[in-house]
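Okay, structure first, notes after.
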Amino acid sequence: MLKKLMVDAFEKGLIEAVMAPAATKDSYTYALITKKEDVDKLTPIAPVMQWNGADMLRRITRLKKSERKLLAILRPCEARTYKELVKFNQVNPENIIVLSYDCPGTIHARTYKYQPTGIDELIAEIKKGGKSNKIREACKVCEYPTPIPNVGDIGLGLVNTDSPVFFALSDKGKEFLKAMGIEEGSRNADEWIAMHRKIREEWYEKERIRGGRKGLEEFLSSCLNCHNCKNMCPICFCKECFFEDRTVFDYESTKFFNWADDKDGIRLPTDKALFHIGRLIHMGTSCIGCGLCQQACPMDIPLYRLFGIVGNELQKVFDYKPGVDDAIPPVMDFREDELHEFEGLLGGEE
Amino acid sequence: MGKVLIYGTSLASYRAAANFARAGHKVILLNRGEFIWHKFTQMQWQMPRDIINGYSKGLLLETMNKTGNIEVYHNAEITKIDGGAGNFKVKFRHRPQSVNEFRCIGCDLCHEKCDVKFIPMPLGPGMRIIKNAEECVEVCPAGAIQVPREEDIEVNVEAVVLSPEYEPEGIEKYVGDAKHVMSFRDFAWMFRGKGVDKKFLKRDDGKTPNSIGFFIPAGMDGWLGSYEEFVIVFREALNMKEMDPGLDVHIFCKEIRLYGHNQMALYEKALDKGIQVHTIESLDLKEDGDNLVVNGVSVDLLVVMPGQKIPEDWKKIAEIAGIETEHGFAVTKPFTLETTRDGIFALGEFVKPVGSTEAIYQGTAIVPQAERYLSKPDMEERSENIQWKREDFNPKVGVFICECASKGLEINVNSDFVFRRDYLCLHPQEIVEEIKKSGVNRVVFGACSPALRGAMLEMLASKAGIHPSYVELVQLREYVSRVGGDSRKANAMLNAAVEKVKVNYLVDVPKTAVTNGIAIIGGGLSSLIAADYLLDKVPMVYIVTREFDDVHMATGVKGNALNMSEEEVKEWYNTLKERVLKRANWIKEDVVDIGGHLGNFIIKTDSNEIKAGVVIIATGGEIVEEGNHIPSVIGGKTQHASMGAIYAKRKGVKATYDLMKSYSLLDIAPPDAERGEGKPIIQVKPKEINKRIAEILGMRLDEEGFFFFAEEPREWVERAGIQFMLFEDAFGGIFVAGLAHRPMSIEEETYEAGFAAQSATYLLRDSLPSPAGKFVSVTNPRRCAGCGICVDACFAGARYIDEEDKIAKVRTALCVGCAACANACPSGAAIVMPYNPNGVFKMLKEVVK
Amino acid sequence: MKEKKFEPVIVGFFCNWCTSAAADLAGTSRLHYPPNIRPIRVMCSSTVDPVYMIRALQEGADATILGGCHPGDCHYITGNYKARRRIAIVKTVLKSLEFDDDRVLLEWISGSEGPKFARVMNEYTEYIRNKGPSDFKYLDSLGGEEVE
């Protein structure tokens, strides 16, 4: 159905390019096409999220706005990332139409490689208002599994319905649907969303990393320090990470021995946990919860439990929902009268 | 080089001294009292907790060091002024300080051996008065102790500025001998240095009050006061509410005298926080058991903010100077600060009751007025050609420890070269020699506060070829030996500095080439006044406006101005206009776009494009006269009453008012007005074009359409702005003056226009070094992802994303070196070299030892 | 309960215009405070990257203080508001992971508040002394197992 939409839109001249997933032998990639003949090569709704689609849009438009009318098919989490990255000047939204859909969740890329599951099976579950249990942890606890108004342009409803419906999320989307001659429809997803939120609340409590230093070290004990979580994180858009600065983390041998003396032995390579704490400080307020950090971890550390849960705490402090709110990110903003509980020793009252 | 004598110990006089010196004139500053700020002036009476006097002293000292143009005499009194403008012979008597504050290094040797009165003060060694100085001269290693022998001196100067100090009335005048009453100064003093905390709040009988009333008598029975009293009291009342929301806080006053956008916001905030403001005609004070009843309101404590009285000294100095006075204040020629005797100027509190902002404005605006009588300034900058050792990668660190700072400490530093000497600062030649001889290329000084000799030590290193980037100062004295620190702490700090200095990079301070021209936008009165000041100094003065405003009749509160007839005012205006337009480049078009930034603005109009280094916005306003009401706020947050009061007074009509009807000198004979409502006697409507200009420049307008200037975003900062940063640096080369800013009298317009003009000329040099110095921000393009976090972090507007390559760039002329960008940047692309993560990390490793 | 009295090391980042000036004034006035404080002068409270504070804790500091101008008094106008946001982030991250977030302190001390500076340093040192050594310094090391 989405493919038909793309072909029609090509024919009507409403779009000149499409970015959507496409199947590979063992997984799915993102693909950019510019001809309607190539539409068939795409799998608009894929069971695997190998990369974050918004990150792909960043690559395309960071230096120059999209010069062709581009339709991007993004999962809700990717659409939120897209919105967040626009705030950080990483994606130029001009000429881009984003379509997102009720997300059936995605399967861990490695699981899929060895035990492929078709997307139809996943979609079948959500048509009934349920959810497959094969999907990734981050998908199971997803906070916003459906398209949200003003996040992207067009929504596609799949939950609780046998006949998918389109609806507009923005004025741009409204115009697009009108030009396409598509009637806006609706479906009831409230319960389905509530189900997710409930699971998420339980997950917060159950999976929170506790116990301070020891808890964190245990959690990260198998970390390779490969920084793959950072590479996959769409919010970590830095060209070069602070924690990869060789000048900062290079020391003379004396210093290493000093550390070993002082700390009763040190782990090498150094500063593994510092990297993760540092990343939390830098991007935690904007973590949109795609969970790619966890999928990217070669050692299967459930990293989303770290970033998702701490990120959520941070976002509560600033009353900010990344990728959902129109407000600028907390790290770029301030208020004159706020956060007094962080002043002084006991929340401002000494 | 002009020569000017400034008499007085006030915010305005110190500002003026710094400004004359920076403009290339020689200044003889007659300081009353034993040291700078010894005399209790308005700021110290009203804001004893504020450090701005300290910073204004800092500005004075910095200018003194940089230009060498200021000579200070203490305990000085003028005895005679002969001659005339351009050629005065001034005789004065002075008594040197027992401890020369500019030489004192704070070693405290004299404390052991002499009879010393010590007054700790921020940003310096503290002040000392030695009673037996004659016996102590030999004690001081710095030669700072001098015998305070009175001496008569005669100097030749071209202009004289008189700025004797404010004196408050005693509070008995208002409240008699009632119990539980306190002067504002004593009240504010309770929290001085300790922080505003309920545990320090006590009234005379030791009880902690649960309700406080503040009383501002300004305007009652001709008691004099400026807006300052109101701003301070409202702010303190808010402090009290913030400290304890349960505290019952009342303010009693006759009128609400708050100008400008943010001051009125203060009033609204007070009401919002539950502070009760009572407007009363006169004070009715009764004792009621343990409490006080003030005009029917029961309070535990009443705090009085006294108004200004006329000190006896003023009469004397006026007599000696041979100038006329009105009610004790100096009479000035209309719209100037010049007294009735040519070449003698009055400044600050001597002119009329003023607040600190006005004092600062006056202290700057006086320069172009007095320059009429001064010889050509000598603006030659002192520059030295130093061959720096640029060795970023082969550090060899030398540590220089001052024995004075490291008393009782056992120093043990990881460095190849350690040099210890008593009083580093007193052996400059030796230090330079040692640095050269040892072949080190980085220096760590373990000495005292950088506020004292930091600049000097850096200079010594420079003389030996070591760039300031390669110098670190460790404050051993104030941070360790004086506060009970131990050797462990001292060594940790020194070693940290050694590690840091090893990885420091040499930072060349970038300079911006400046277009030597000024664009004045708009045809307000301030536009003409500013141009008038500038025409002799700047080769290109552009005025961009279709037309000029007519002059309004809100002349001023000073007698001469207030009593000028309408024809006289118009004649003054027409002469001014003619004089200016003869020489200025008048572009009779509206501004369409303003591009560029400080140093190089490009102003586009319909058919012209002009270049200027500085922009002055003086769009003026449209004057509407309708009724007989002195309005306070009209549709916004800006006080209009100051103009209305003058109008009502000039017209002599019976008027109505709502929040305020009189201010400053008008208090002596206020306009005839009663509370009521009506159509405004005068209203200023800001020009439509303000909106476009604000949009182009990214500036903010208030609800009515006036520009915010010098107060944003602090809530009451009209007094101080960014006072202790150089005022000029703070505005990025864009100044707002006159009615574009808020409704004001012609007198006040001359201050603002003069301030803008004088500050602008200071910025128009061949090239502007970045005010940040070695702390200037840079971007590592390899790392910058162009996210713009740093752009939002920079309050000065020094960072922007280059649309070409999407990388953040720095406008170095605007960068002030706070390093907020570096903190905000997640990838470490924005860097302030002295705080680069490498250096800080290396430092942290050692400092925790 | 501990036989040897524990002496913490506290790294203080103090802004140049207010808190460092207050520290200066405390020095000039000879107000004693514990030598446990290691002052580092920075231009503005917003100069301090939160990672610096974390790093200080990891390097062995038992606590860190960030000292800035009172809200509204920042020499760089808004620096302290931004600093407050960063501190909020650091403290929330630490708290959420059940580290001891009291070991990061934000204080507003103006240039004339020398006595307040000394008071805060005294009180905070005492507070940390009672808390005992920080175990954060053993992050990424083999040591520190027996602490707590």
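The values are calculated or read from the model by the stated rules, or taken from the named source; none is laboratory data. Owing to the predicted nature of the structure, the values given are computational and were not obtained by experimental measurement. Glycine also receives a Cβ, built like all others from the backbone with ideal geometry; neighbour counts cover every protein chain displayed.
Would you tally the residues in the stretch C:83-110 being within 7 Å of chain A (Cβ to nearest Cβ), in a loop (DSSP other than H, G, I, E, B) and crowded, with 23+ Cβ neighbours inside 10 Å?
Residues that pass the stated criteria total 2.
Residue by residue through the stretch B:62-71, note down the ones that are in contact with a helix residue (DSSP H, G or I) (Cβ under 8 Å, 6 or more places away or on another chain) and assigned to a strand (DSSP E or B).
Listed by number, the list holds a single entry, B:I70.
What pairs can you find where one residue is in the stretch C:101-120 and more than 24 Å from C:R85 (Cα to Cα), the other is part of a helix (DSSP H, G or I), and their Cβ atoms are less than 6 Å apart, with a gap of 6+ or different chains?
Listed pairs, sorted by first residue: C:G114/C:A22; C:G114/C:L25; C:G114/C:A26; C:A118/C:A26.
Condition check ((1) surrounded by 22 or more Cβ atoms within 10 Å (Cβ to Cβ); (2) more than 17 Å from B:L562 (Cβ to Cβ)) across all residues:
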| site | (1), (2) |
| --- | --- |
| B:L301 | yes, yes |
| B:M305 | yes, yes |
| B:P311 | no, yes |
| B:H327 | no, no |
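Report, ordered by the first and then the second residue, all pairs with beta carbons closer than 7 Å, sequence separation of six or more or different chains, a first member in the stretch B:232-260 that is under 22 Å from B:H741 (Cα atoms), and a second member that is hydroxyl-bearing (S, T, Y) and crowded, with 20+ Cβ neighbours inside 10 Å.
Correct list of pairs: B:I256/B:Y267; B:R257/B:Y227; B:R257/B:Y663; B:L258/B:Y227; B:L258/B:Y267; B:Y259/B:Y227; B:Y259/B:S642; B:G260/B:T638.
Quick one: which strands (runs of 3 or more DSSP E) lie wholly within the stretch B:760-849 and hold at least 1 residues that are among the small types (G, A, S) and either within 11 Å of chain A (Cβ to nearest Cβ) or within 25 Å of C:R55 (Cα to Cα) (or both)?
Because the criterion is at least 1 residues that are among the small types (G, A, S) and either within 11 Å of chain A (Cβ to nearest Cβ) or within 25 Å of C:R55 (Cα to Cα) (or both), the strands (runs of 3 or more DSSP E) in the stretch B:760-849 that meet it are B:777-779, B:807-810, B:830-832.
Which members of the stretch B:459-504 meet the condition of being surrounded by fewer than 20 Cβ atoms within 10 Å (Cβ to Cβ), without any contact (Cβ under 8 Å) to a residue 24 or more places away in the chain and within 32 Å of the chain's Cα centre (by Cα)?
Within the stretch B:459-504, B:M459 is the sole residue that qualifies.
For residues that are without any contact (Cβ under 8 Å) to a residue 60 or more places away in the chain and either surrounded by 13 or more Cβ atoms within 10 Å (Cβ to Cβ) or in a strand (DSSP E or B) (or both), tally how many sit in the stretch B:589-607.
Residues that pass the stated criteria total 6.
Kindly indicate whether A:E349 is over 24 Å from A:R200 (Cβ atoms), surrounded by fewer than 21 Cβ atoms within 10 Å (Cβ to Cβ), modelled with pLDDT under 90 and facing chain C (nearest Cβ under 7 Å).
In short, no.
Results for (1) touching a residue at least 12 places away in the same chain (Cβ under 8 Å); (2) at positive phi; (3) of a type outside the set (D, E, K, R); (4) facing another protein chain (nearest Cβ under 7 Å), shown as yes or no for each residue.
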residue	(1), (2), (3), (4)
C:V11	yes, no, yes, yes
C:A22	yes, no, yes, no
C:R30	no, yes, no, yes
C:I37	yes, no, yes, no
C:S46	yes, no, yes, yes
C:Y52	yes, no, yes, yes
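Taking the criterion of being touching a helix residue (DSSP H, G or I) at 6+ places or on another chain (Cβ under 8 Å), closer than 30 Å to C:N16 by Cβ and not in a helix (DSSP H, G or I), would at least one residue in the stretch B:144-152 satisfy it?
Taking every residue of the stretch B:144-152 in turn, none turns out to be touching a helix residue (DSSP H, G or I) at 6+ places or on another chain (Cβ under 8 Å), closer than 30 Å to C:N16 by Cβ and not in a helix (DSSP H, G or I).
Kindly list the number of the only condition in (1) away from chain C (no Cβ under 14 Å); (2) touching a residue at least 60 places away in the same chain (Cβ under 8 Å) that fails for B:A451.
(1)
Looking at the stretch B:487-496, is at least one residue touching a helix residue (DSSP H, G or I) at 6+ places or on another chain (Cβ under 7 Å), under 28 Å from B:D392 (Cα atoms) and either part of a loop (DSSP other than H, G, I, E, B) or assigned by TED's automatic domain parsing to the domain that holds B:V591 (or both)?
no
Pairs, please: C-beta under 7 Å, at least 6 apart or cross-chain, first residue over 17 Å from B:L476 (Cα atoms) and in the stretch B:104-133, second aromatic (F, W, Y) and buried (at least 23 other Cβ atoms within 10 Å of the Cβ)?
B:M127/B:F35
Based on what the data block shows, is B:V196 over 19 Å from B:E242 (Cα atoms) and β-branched (V, I, T)?
It is false that B:V196 is over 19 Å from B:E242 (Cα atoms) and β-branched (V, I, T).
Conditions (1) within 14 Å of chain C (Cβ to nearest Cβ); (2) at pLDDT 90 or above; (3) over 21 Å from the mean Cα position of the chain (by Cα), marked per residue:
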{"site": "B:G58", "(1), (2), (3)": "yes, no, no"}
{"site": "B:T67", "(1), (2), (3)": "no, no, no"}
{"site": "B:H74", "(1), (2), (3)": "no, yes, yes"}
{"site": "B:T79", "(1), (2), (3)": "no, yes, yes"}
{"site": "B:G84", "(1), (2), (3)": "no, yes, yes"}
{"site": "B:C107", "(1), (2), (3)": "yes, no, yes"}
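Do the conditions hold for B:F215, that is, is it part of a strand (DSSP E or B) and either more than 24 Å from C:H70 (Cα to Cα) or in contact with a helix residue (DSSP H, G or I) (Cβ under 7 Å, 6 or more places away or on another chain) (or both)?
Yes, satisfied.
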